[in-house]
Every structure is written in C-alpha cells, then in structure tokens.
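What follows is a short report on a single structure.
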Amino acid sequence: MSLDLLLEPLHYGFMQRSLLIAILVGLICAVVGSYLMVQRLALLGDAISHSVLPGLAIAFILNINIFVGAFVAGILSTMAIAWIRTRTSIKEDAAMGIVFSAFFALGITLITQVQKDNKIDLNHFLFGNILGVSSQEVLDTALISALVLLVVALLYKELQFYTFDPKGAQAAGLPVNLLNFGLMVLIALTIVASMKAVGVILVLSLLITPGATAYLLVKRLHWVMILGAAIGIVSSICGMYLSYYRNLPSGPAIVLVASSFFILALLFSPTQGIFTHSPAQPSGNSIWREIKSLLGRT
C-alpha cells in the first residue's frame with residue numbers, strides 16, 4: 001500500500017516533471033544558500049529574488065525566454081546595490097532595501113499592466129507553478145543547475161576563503177571583487193532556476209532554510225552544503241507529495257516542510273538544540289533579569 005502511494009503520482013507526466021524540478025531546486029538552493037547564510041547575507045538573496053520581477057515582465061512583453069529576462073534583472077540589481085554601496089556612504093543593507101523595493105514595485109506594476117492588457121494570470125511568477133512546468137523548462141533548470149554546481153565545484157576553495165575571511169582573501173591576492181560578483185551571479189541563476197517551483201516570494205526560504213538547518217547540525221562548510229542539499233531535496237519531494245495528496249499549493253508546501261525540518265533541528269540539535277543543549281548563560285534568563293530590573297526602578 002505504501003509503495004502504491006509513492007508510485008501513483010509518478011504515473012502522470014506533470015508530476016514527473018515537477019518532482020525533477022523540485023529535486024534540482026532543492027539541491028542548488030541549499031548549496032548556494034550556504035554561502036549566503038555563512039556571510040549573513042540573507043537579505044541579499046531576498047533583494048535579488050524580488051528584483052527579478054521586472055525582467056520577467058519585460059521578457060514576457062518582448063516574447064523572449066523569461067529565464068533570460070529574470071537573470072538580466074537580477075544582475076542589474078546586484079550591480080545597482082554595489083554601485084550605491086561603493087559610491088556613497090549608504091550601508092549595504094540600506095542599499096539592498098532601496099534596490100529591492102524599487103525593482104519589486106516596478107515588477108508588480110509591469111505585471112499588473114501586462115495582465116490588464118492581455119487578460120492572463122502572471123501570479124505564478126510570485127508564488128510558483130511547479131505543476132505547470134514544461135519539458136523545456138525542466139531542461140533549462142537542469143542546465144542552470146549543472147552550471148551552478150560546476151562553478152561551485154571549480155571555485156570551492158576560493159569561495160570558501162572569501163566567504164569566511166574577505167580581508168584575508170584580498171591580502172592573499174585573490175580577486176575578491178570578481179569572487180563577490182561571481183557569487184551574486186550564482187545567486188541570480190539559482191533564483192531564476194527556482195522561479196517555477198516556489199516563485200520569487202518564497203525562494204528565499206529554500207535558499208536559507210536548508211542551509212540554516214544543516215548549520216545547526218554540522219559545522220564545516222562542505223558538510224553544511226551536503227546535508228543542506230539532502231534536506232532541500234527531501235523537503236522538495238515531501239512537499240510535492242503533500243501537495244498531491246492534500247491538494248495544497250506546491251511551493252508553500254515545500255517551504256513548510258523545509259521549515260519543519262528547521263524547527264526540529266532548532267529544538268533537538270545535539271550542540272545547539274533548545275531541548276538538548278543548555279548554554280552557559282541563557283539569554284532568556286538575562287532578558288527576564290533586565291525586565292525585572294527595569295520594573296524595580298519604576
């Protein structure tokens with residue numbers, strides 16, 4: 001009976017394509033997201049993911065591949081962030097917020113206009129439509145995934161050095177600006193590959209959550225990537241089956257499963273779990289002591 005539950009969805013072509021996309025997305029999001037999490041740049045992933053919207057809409061208007069439009073918009077947003085950060089005194093997080101909100105607003109405006117003029121629904125750009133992927137989109141995602149994984153494999157040591165010690169990497173003679181731009185390109189490619197699965201709004205969860213879950217369990221970057229990729233793949237597959245049998249939206253189902261794994265790791269991690277590890281100085285107790293102290297003064 002349990003085998004029938006596993007095999008039944010595979011009888012349908014759309015489920016076969018969807019599961020393949022889900023596996024690829026779960027893999028590359030975890031690998032690339034590990035760098036974002038270690039560098040504490042989750043906001044950058046959010047900024048790029050929302051910044052691809054204008055490219056999607058413009059590509060649709062020009063009748064060209066939406067992957068190309070999204071990628072170009074993602075790269076332009078990273079260049080805009082870097083330009084603001086280097087040419088002004090504005091900090092990087094503020095630059096991300098400015099660019100992200102501007103690109104997102106432009107994208108929503110363009111999508112709304114396109115929908116009004118053409119009477120079509122483009123909301124799947126926002127929330128994903130993994131069940132509607134075509135064979136060509138599966139091929140595009142597979143090629144992007146292969147390219148991302150190849151670059152990570154070839155530049156693993158350099159990206160690792162830059163991620164943990166940017167100043168040390170620069171002192172050692174590594175092209176840190178090029179590595180930073182290359183990492184931004186990898187993030188943009190990963191987001192483009194993930195659009196059909198979860199949409200630009202939820203893609204940040206797949207970029208960060210599997211890697212963060214793995215980080216609670218292991219420490220070395222390559223193990224964070226490997227375990228994070230496994231968590232991302234399992235989350236994607238489980239989310240797809242949950243979507244199929246419970247008639248749930250696929251993208252949110254995948255994200256909810258990944259978030260559930262994170263909660264379990266947060267509670268039961270051998271080294272950082274709330275229930276399994278007691279810190280030397282519990283921050284919660286410190287907060288309560290400060291609150292009591294403030295109340296005592298009034």
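Which of LEU178, LEU149, LEU19 moves most in a GNM of the chain, Cα contacts under 10 Å?
The residue that fluctuates most here is LEU178.
When the helix-only estimate is applied to the chain (DSSP H runs of n ≥ 4, each -39,500 (n - 2.57), divided by the residue count), what is the mean residue ellipticity at 222 nm, nearest 500 deg cm²/dmol?
So the helix-based figure for the chain works out to -27000 deg cm²/dmol.
Taking the mean number of other Cβ atoms within 10 Å as a proxy for protection, how do you rank 164-172, 212-220, 252-260, 105-113 from highest to lowest?
Those peptides, ordered most packed to least, come out 252-260, 212-220, 105-113, 164-172.
Would you list the membrane-span-like helices of the chain, meaning whole DSSP H runs whose alpha-carbon atoms span at least 15 Å along their axis and whose mean Kyte-Doolittle value is at least 1.6?
Within the chain the helices that satisfy the rule are 13-38, 135-154, 176-215, 250-268.
Which loop trypsin sites (Lys or Arg not before Pro) in segment 76-125, with loop taken from DSSP, have no more than 10 other Cβ atoms within 10 angstrom of their Cβ?
Taking segment 76-125 and a limit of 10 other Cβ atoms within 10 Å, the loop trypsin sites (Lys or Arg not before Pro) found are LYS119.
Can you sort HIS222, HIS11 from fewest to most other Cβ atoms within 10 Å of each residue's own Cβ?
Lowest to highest Cβ neighbour count: HIS11, HIS222.
Can you sort ASP4, ASP46, ASP93 from fewest to most other Cβ atoms within 10 Å of each residue's own Cβ?
Final ranking by Cβ density, sparse to dense: ASP4, ASP93, ASP46.
Given a cut-off of 16 Å, what percent of all Cα-Cα pairs of segment 92-168 lie beyond it?
Counting every Cα pair in segment 92-168, those more than 16 Å apart make up 73 percent.
How are the C-alpha pair distances of segment 2-275 spread across 5 Å bins, as whole percents from the shortest bin up?
Here the calculated profile for segment 2-275 is 1, 6, 12, 17, 18, 17, 14, 8, 4, 2, 1, 0, 0.
Taking a label point 7 Å from the Cα of GLN16 along the Cα→Cβ vector, which residues of segment 123-143 have an amide N closer than 12 Å to it?
Flagged as within label range: 135.
Given segment 1-131, what whole percent of its Cα pairs are spread farther than 25 Å?
40 percent
Would you tally the net charge around VAL192, using a Cβ to Cβ cut-off of less than 13 Å, leaving VAL192 out, and scoring K and R as +1, D and E as -1?
In short, -1.
On each of the three principal axes of the Cα atoms of segment 201-246, give max minus min coordinate, whole Å, ordered largest first.
37, 21, 13
Read the figures in this text as sums done on the coordinates, not as results from a lab. Keep in mind that what you see is a predicted model, and the values were worked out from it rather than measured. All Cβ positions, glycine included, derive from the backbone under ideal geometry; neighbour counts span all protein chains shown.
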